[in-house]
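Note sheet for the following structure.
The values are calculated or read from the model by the stated rules, or taken from the named source; none is laboratory data. No experiment lies behind these values; they were computed from the predicted model shown. Here the Cβ is made from the backbone with ideal geometry for all residues, glycine too, and neighbour counts use every protein chain on show. Just so you know, the surface numbers come from the protein's heavy atoms only, side chains and all, with ligands and any DNA or RNA stripped out. Shrake-Rupley method; radii C 1.70, N 1.55, O 1.52, S 1.80 Å.
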Amino acid sequence: VSTQSTGNSETMISLLVLLGVAATTVIADDYKCTTVNGIEGACDLMFYQQTYAGSRLSGCGAYGSMYFWSGISATACTYATQDKTITQQLQMGIRFFDFDVGYIHPSEESLPYWEAGPVLVSVGSTATAYSRSLKKALLEIKTFMDANRDSVVSMRIKRYYPQTTEIRDHLIRTLKPTFDSVFGDDGVQPTFYFTLKPLSYMVESNERMVLYLARDFWGRLESDFRAASWTNVFETPENVYGYSNCHNPNQLSEDIVHMDGINKRNVPLCVNWWITSSQCVSSSGPVCTDTAANDLKIVAQKVLDGTHLDRGVNFVLADYVSDKYVGVIQEINRKAVAYYKNRPW
């Protein structure tokens, strides 16, 4: 099985941040970092020395039924990837959110569950199912992070649908105002220094968000001084049955450590951890995520052992996230504290 190369057409750009809080300086308070995402000792680590539990297509299923453009209800079996709200995911420990987006024009806001602007979508082989607005998800993330000061969260907008110039231009025009309307200048803010400063800096300065955006949006937005490109990303394949799901951790680990350039420890590594098969996602996804969660420890250790610069797994994406899945990643993070204490970067 060949690995996915870096810098391809789906390369993501680190938008740290699209928020465009116009070069606002965030004034730190007297808060002192003691834990990061509940992990004691993590304050001295770097952002990429921890693993962030993620949910694939985080908002698809988080708000109940999704709908096709025609207004017909989309089947959860095919299009839903989660069964918990964004807030519930945060409460259980999800710290990486994956959003694919579409756009609804104000003149097309004809159905009561549709909101104009960027909207979360799930794309199937024959159709696209629409969830709720991106803003609704961002409000939940903002509220949780303001109430939980040790939380460090990442999110990405990797794809948009349909992939037309019209939809891209609408998103370019509306994404920044959407983020600004939620985050503004108060409370938690994005950071540009996540590869340069320890996690303690992110927590104490309240710059605790790392955002990534698709290449198509980069350079076309009035982003502020915290915006930075992410032109290389290591990501395991998304569509290899029996491999890039959670069934073969040894093969998965072997392919990761043989990725060209994998020792670049400040280039993020994202492991896709879901079922790719003809089965119903709502039945196969939870089984995969829960029963094989412990296999993630094998992958994490083999990546550490197989890369001479001690780089780890940074993000994991799973369908139908569970407490066991998050618990395994937290165990990996606790071990990372001791590991990097003896092997500082």
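Quick rundown of the values:
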{"item": "Single match in Asp310, Asp305 (criterion: part of a loop (DSSP other than H, G, I, E, B) and over 24 Å from Arg156 (Cβ atoms))", "result": "Asp310"}
{"item": "Lone qualifier among Asn333, Asn294, Asn342 - being of a type outside the set (A, V, I, L, M) and under 17 Å from Gly54 (Cβ atoms)", "result": "Asn333"}
{"item": "Candidates Val257, Val303, filtered to the one that is open to solvent by less than 30 Å² (accessible area, probe 1.4 Å), touching a Lys or Arg at 6+ places or on another chain (Cβ under 8 Å) and modelled with pLDDT of 90 or more", "result": "Val303"}
{"item": "Scan of the range 174-215 for residues that are surrounded by fewer than 19 Cβ atoms within 10 Å (Cβ to Cβ), modelled with pLDDT under 90 and not polar (S, T, N, Q), ordered by number", "result": "Pro177, Asp180, Gly184, Asp185, Asp186, Phe192, Tyr193, Leu196, Arg215"}
{"item": "Check on Thr87, open to solvent by 20 Å² or more (accessible area, probe 1.4 Å), under 22 Å from Tyr320 (Cα atoms), in contact with a helix residue (DSSP H, G or I) (Cβ under 7 Å, 6 or more places away or on another chain) and of a type in the set (Val, Ile, Thr)", "result": "yes"}
{"item": "Filter result (surrounded by fewer than 19 Cβ atoms within 10 Å (Cβ to Cβ), on the phi < 0 side of the Ramachandran plot and at pLDDT below 95) within the range 35-75", "result": "Tyr63, Ser65, Tyr67, Phe68, Trp69, Ser70, Ile72, Ser73, Thr75"}
{"item": "Residue match in the range 136-148 (condition: among the aromatic types (Phe, Trp, Tyr) and farther than 25 Å from Asn266 by Cβ)", "result": "yes"}
{"item": "Any hit, the range 326-335, residues being without any contact (Cβ under 8 Å) to a residue 60 or more places away in the chain and not in a helix (DSSP H, G or I)", "result": "no"}
